[in-house]
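Nothing in this text is a laboratory measurement; each read-out follows from the coordinates by a stated rule. Since the structure is predicted, the reported quantities are computational estimates derived from the model, not experimental observations. All Cβ positions, glycine included, derive from the backbone under ideal geometry; neighbour counts span all protein chains shown.
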Amino acid sequence: MSELLNFNYPAEPAEDRVTLFADVILPLPLPKLYTYRIPFEMNDEVLVGVRVIVQFGAKKVLSCIVADIHENAPADYQAKYVLDVLDDKPIVTAPQLKLFKWIADYYMCTLGEVINAALPSALKLSSESRLQLHPSYEPEEDDIPLATQEAKIIYALQQNQALTFTDVGNLLQLKNYHKYIKSLIQKEAIIIFEQVSDKYSPKVVKKVRLSEHFVQDEAMLEELFAQLTPKPKQLDILLNYLQKVPVHQDKNLNIQGLEKSVLTGNPHLSQSAITSLIRKGVLEQFDQIVSRFQTDFGAMQLPMALSEHQAEAREEILGLFKEKDTVLLHGVTGSGKTEVYIDLIKHALEGGGQVLYLLPEIALTAQIVTRLMKVFGDQLGVYHSKFSDNERAEVWQGILSGKFQVVVGVRSSIFLPFHNLSLVIIDEEHEPSYKQYDPAPRYNARETALMMAHLQGAKTLLGSATPSVETYHNCKNGRWGLVSMTKRFGEAQMPDIELVNTRDEQKRKNMHSHFSAKLLGEIEARLHRHEQVILFQNRRGYAPFIACDECSWIPKCKHCAVSLSYHKFNQELRCHYCGYHERMPSDCPACGATTLKSMGFGTEKVEDELKLLLPNAEVQRMDLDTTKKKNSYQQIIADFESGRTNVLVGTQMVTKGLDFENVSLVGILNADTIINFPDFRANERAYQLFVQVSGRAGRKGKHGTVIIQTRDPLQSIFRKVHSNDYQALYEHEIEDRMRFNYPPFVRMIKITVKHEDERTAENAAIVLAKDLTDRLSKEQVLGPEVPYIFKIRNLFLQEIHIKLHRQSSQLSSSKRLIAGAIHQLKLLPDFKGLRVVVDVDPA
Ligand code: ADP
Ligand code: ZN
Ligand code: ZN
């Protein structure tokens with residue numbers, strides 16, 4: 001793959017009549033790039049990084065990215081022509097192409113898979129892409145002279161809600177119809193969308209503003225006042241406008257104008273007078289598409305003044321950045337890391353660079369975006385999967401055009417077209433959700449962001465109260481800088497942590513279902529004091545499984561080797577691995593007994609029981625099931641922030657970085673399911689989770705308490721959590737990792753072999769492990785072994801783990817060996833239908 005993509009730009013502007021070829025990245029998992037011939041008339045238009053339309057296969061026409069331009073015809077096939085060019089300027093930047101190539105190499109996938117994940121679908125056109133009229137397109141205004149072909153498309157769209165590209169081709173009876181589509185997009189007459197559910201409907205507000213000459217020329221404005229004196233109603237409106245939009249202070253304020261409804265909604269102002277002023281040309285009316293990112297966040301604010309500790313940390317960070325590219329800010333929960341980031345972002349923006357602020361979780365973006373909007377206003381772009389494709393395309397374009405200088409986003413933001421990055425912030429850097437599991441590219445956004453920063457000469461600041469062992473190791477050995485904040489901001493103290501032994505409490509009959517008397521009492525006490533409570537339970541749903549009391553029957557997924565979880569709200573049994581679901585039966589299908597019992601418990605049950613136990617509490621739940629809708633995160637968080645809810649029950653979503661000032665109690669209902677996890681990171685993960693969820697308590701003034709329910713309170717992890725002793729955890733972990741040869745001392749690769757037939761999967765895994773052992777060494781190859789969940793989506797699984805040396809030269813040669821072994825394996829006739837998934841640095 002690497003040979004295919006040497007980014008040689010043509011040394012001089014391409015002359016007409018030179019035969020040029022473009023290597024393109026198709027958004028498909030193809031092992032190599034394809035070469036297309038550029039028609040002479042497009043020689044100047046086809047640039048590296050633009051989208052072109054090509055035909056692929058017999059029928060499919062789709063857009064792809066130009067990765068390289070050269071004069072070499074492909075040796076083994078006749079190059080087809082590029083059909084059309086979609087962009088005037090590259091939409092994928094040179095540093096981005098380099099990064100994409102790194103991702104493909106490092107994470108062992110194809111460039112097509114990377115591009116496919118990177119581009120919002122609204123930027124990926126194919127014969128199936130659809131068009132619609134732009135919501136703000138007003139045909140009667142007719143200020144766009146439309147060529148006849150374009151008019152035909154518009155007319156057809158007025159009759160139909162949407163057309164596919166193929167429809168347009170048929171309509172115009174043309175092959176080269178893309179240029180008309182492109183032109184209409186540029187005129188903002190139409191937009192593209194990929195799925196019906198994505199249909200773009202931006203919020204359009206009607207606004208008014210003062211006609212520009214009154215703003216620019218004070219004499220004219222005075223004259224206007226004189227003219228309007230006999231018309232008091234109109235004068236009122238003018239005065240009202242000027243009061244709300246003080247153009248005498250800043251002329252630029254007029255551009256944004258005022259929402260018309262603000263004037264028309266005022267009962268003291270006359271409707272008809274507004275209309276007259278518009279007709280006279282004193283006020284002008286205009287539509288503004290309010291981007292979803294600019295919902296009203298209230299007035300702009302200056303950043304908060306840093307405390308002494310924060311200012312010190314900032315100075316240390318800037319000092320370290322002089323020598324090092326990467327610094328870790330290790331600050332306890334509530335130490336005020338966010339304000340330090342904001343300060344550094346401001347600093348970076350003043351230097352003219354772009355900033356990426358990565359967060360692990362959408363729930364957290366909801367809170368931080370509000371804070372950042374107030375400081376950075378509309379320079380701030382937000383990027384995550386709850387946004388529609390068109391919204392994401394808007395952010396993409398906004399970064400290219402320079403509109404967005406700061407972007408806050410989750411994992412996938414590392415794909416965005418930054419080209420002048422000066423600072424990357426990776427908040428909660430220890431979070432496993434930075435890793436993409438499926439599908440390829442299976443990248444870790446933390447590692448990728450570090451590479452992106454490196455490629456663009458930017459600095460990276462990682463932040464965490466509970467750094468990953470890998471990151472801390474890099475600081476200890478001097479590669480990265482380390483800055484610590486050991487105190488909470490202001491007067492706030494670290495919370496007290498109390499353990500409740502649920503085994504004992506059960507014997508003493510002190511458990512009310514899953515709540516110990518202690519926890520329940522503490523919750524009640526907070527409710528009395530009008531303080532808030534967060535309850536954490538690791539599982540969603542009502543119960544992880546149900547069982548028949550008579551015959552012990554347990555419903556299992558038809559496609560996976562797991563029991564079905566019970567979701568009470570819709571009376572469903574659901575598989576959390578493949579989504580399979582069925583109705584909850586009323587009696588046991590095996591023996592007919594009516595004694596189906598739910599076993600274990602998830603967030604839904606916690607919520608349910610709490611409502612029964614404490615009927616006065618306003619309880620809300622935040623987990624995958626309650627946050628499916630686009631704005632549900634924001635709603636839940638806003639309800640809790642405003643005090644409408646007193647208790648928030650949730651899965652790990654509630655543990656990450658959230659900041660609520662009134663929370664004085666955090667309860668962990670069942671710590672044991674977190675600790676007993678078979679993985680070399682289990683200890684580290686458990687520590688991070690406990691400390692992070694505890695860290696939500698007592699963040700401002702109010703003293704915080706954490707109650708951890710466990711059947712085994714003597715485990716050593718609780719001592720470390722209790723004393724907030726990260727050092728002890730780190731020392732213990734790093735010794736173990738060294739002794740047993742785990743990351744950060746080696747790099748891991750997990751290979752999963754999948755097949756419909758159990759024996760075939762097993763045999764293939766044995767053959768592969770043997771081949772890998774021959775190519776690498778015996779010590780480096782572990783397995784194959786059958787994973788705990790041995791069947792998912794009707795495929796039987798086998799896993800092989802590989803340990804590789806860290807040096808990058810060895811790393812890439814080993815990866816080539818592994819890729820070779822897998823390629824060989826798939827060629828064997830015995831293993832038809834075999835799937836092999838490679839996961840580099842599995843989380
Ligand atoms: P962390 O991310 O380190 O857990 P936060 O950045 O969320 O902590 O800060 C904790 C709390 O302290 C927040 O409510 C924040 O608004 C407040 N805070 C932090 N720094 C300042 C400051 N300089 N001035 C006023 N309030 C601050
Ligand atoms: Zn039964
Ligand atoms: Zn399933």
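General observations
- Contour excess over end-to-end distance, with Cα ends at D378 and E259 and 0.36 nm allotted per residue: 41.1 nm
- The simple spin-label model puts a point 7 Å past each Cα toward its Cβ; for S401 and M220 those points are separated by 2.7 nm.
- Adding -39500 (n - 2.57) for every DSSP H run of four residues or longer, then dividing by how many residues the chain holds, sets the calculated 222 nm ellipticity at -10500 deg cm²/dmol.
- Global form of the stretch 305-433, assessed from the alpha-carbon gyration tensor, a/c cut-off 1.5: prolate
- Take the Cα radius of gyration of the stretch 583-684 and divide it by 2.2 N^0.38 Å, N being the number of residues; the result is 1.34.
- Most positive-pole-ward Cα, L482, L30, V340, against dipole of the chain from beta carbon charges: L30
- Using a Förster distance of 30 Å, the FRET efficiency for K518-T594 (Cβ separation, nearest 0.05): 0.30
- Separation of the E550 and A617 label points, Cα + 7 Å toward Cβ, nm: 3.6
- With R₀ set to 35 Å, the beta-carbon distance separating A75 from K778 gives a calculated FRET efficiency near 0.30.
- Over 24 Å (Cα to Cα) - which of K386/K435; K179/K206; K80/K182; K791/K815; K89/K251 fall in this group: K179/K206; K791/K815; K89/K251
- Lysine pairs in the stretch 444-593 with Cα atoms under 24 Å, if 8 or more residues apart or on separate chains: 6
- Cα convex hull of the chain, projected area averaged across orientations, nm²: 43.3
- Those aspartates and glutamates that a straight Cα-Cα span of less than 14 Å connects to K98, excepting residues fewer than 8 apart in one chain: E3, D68
- Alpha-carbon centroids, the stretch 622-679 and the stretch 369-438: separation in whole Å: 23
- Shape summary of the stretch 431-535, radius of gyration then Dmax from alpha carbon positions: 21.5, 62 Å.
- Each residue, D736 and K251, gets one label point 7 Å from its Cα in the Cβ direction; the gap between the two is 6.7 nm.
- Shape category assigned to the stretch 565-635 from the gyration tensor of Cα positions, a/c cut at 1.5: oblate
- The mean sequence distance of close C-alpha pairs (under 8 Å, at least 6 residues apart), as a share of the length of the chain, puts its relative contact order at 10 percent.
- Percentage relative contact order, the stretch 291-427, counting C-alpha pairs under 8 Å, at least six apart: 32
- Extension gain from S586 to Q635, taking 0.36 nm per residue of separation minus the Cα-Cα distance: 14.2 nm
- Given charges at beta-carbon only (K, R positive; D, E negative), |dipole| of the chain in Debye: 1620
- Dipole of the stretch 664-801 [Lys/Arg +1, Asp/Glu -1 at C-beta], most positive-end residue of T710, Y788, Q692: Q692
- Model label zone, D105; criterion: amide N under 20 Å from point 7 Å along Cα-to-beta-carbon; scope the stretch 441-460: 441-458
- Charge dipole (debye, nearest 20) of the stretch 54-108; +1 at Cβ of Lys and Arg, -1 at Cβ of Asp and Glu: 200
- The length gained on full extension between D725 and K244, counted as 0.36 nm times the residue separation minus their Cα-Cα distance, comes to 167.8 nm.
- Dipole of the chain computed with +1 at Lys/Arg Cβ and -1 at Asp/Glu Cβ about the Cα centre; of F569, L258, L171, farthest Cα towards the positive end is F569.
- Where no second cysteine Cβ lies under 4.7 Å, the cysteines concerned in the chain: C64, C109, C475, C578
- Peptides ranked, highest mean first, by Cβ atoms within 10 Å: ranges 509-515, 625-631, 399-405: 399-405, 509-515, 625-631
- A Förster radius of 41 Å, combined with the Cβ-Cβ distance separating D679 from K487, puts the computed FRET efficiency at roughly 0.80.
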